[in-house]
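Trainee: I'd like to ask some things about the structure below.
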Amino acid sequence: IVSEGLPERYSDRVRLLRGILGGLEAMRLRLWRERGLYPLIDALMLTPEEASINHPFYLDLLEEAVIILDRGDFMRRRMMELRGRLREMGARRIRLPGGAWYWELKPDLKPGEVVEL
């Protein structure tokens, strides 16, 4: 969740988020009973300034996230910028047997070289 005017303290943000997500539990249980799906809803609350930084968890958002509401296409643009940066570096997501994965951010990385997203 990217929003202006969020509480400064993270614990206050978590409290606010609990109130928002609390009503979704019934929907998750219904999806489990009817379709065998139990979606993981993992939300963070960031200000636009905080969300403008390329956080490591954005790498997984590129492949796994569903953006429900994106006013002004803020996160869509952020993800497009990150995809472009990864493409420039030659990055790739490598899947392992069993379904796990990792990111090889820069295949031609030299010792001592710093990688910045």
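Only the coordinates and a few stated rules stand behind these numbers; no lab work does. None of the values given here were measured: they were computed from a predicted structure. Virtual Cβ from ideal backbone geometry, glycine too; neighbours counted across all protein chains shown.
Trainee: In the list Leu59, Leu29, Leu17, Leu40, which residue meets the criterion of being outside any loop (DSSP other than H, G, I, E, B) and under 27 Å from Leu105 (Cβ atoms)?
Mentor: Result: Leu59 is the single residue among Leu59, Leu29, Leu17, Leu40 that is outside any loop (DSSP other than H, G, I, E, B) and under 27 Å from Leu105 (Cβ atoms).
Trainee: Take segment 1-33 and flag every residue that is of a type in the set (D, E, K, R), surrounded by 11 or more Cβ atoms within 10 Å (Cβ to Cβ) and over 19 Å from Ile68 (Cβ atoms).
Mentor: Of everything in segment 1-33, those that are of a type in the set (D, E, K, R), surrounded by 11 or more Cβ atoms within 10 Å (Cβ to Cβ) and over 19 Å from Ile68 (Cβ atoms) turn out to be Asp12, Arg15.
Trainee: Is it the case that segment 19-39 has a residue that's within 11 Å of the chain's Cα centre (by Cα) and within 30 Å of Arg85 (Cα to Cα)?
Mentor: In the first step, residues of segment 19-39 are kept if they are within 11 Å of the chain's Cα centre (by Cα); the result is none.
So far as segment 19-39 goes, no, none of its residues is within 11 Å of the chain's Cα centre (by Cα) and within 30 Å of Arg85 (Cα to Cα).
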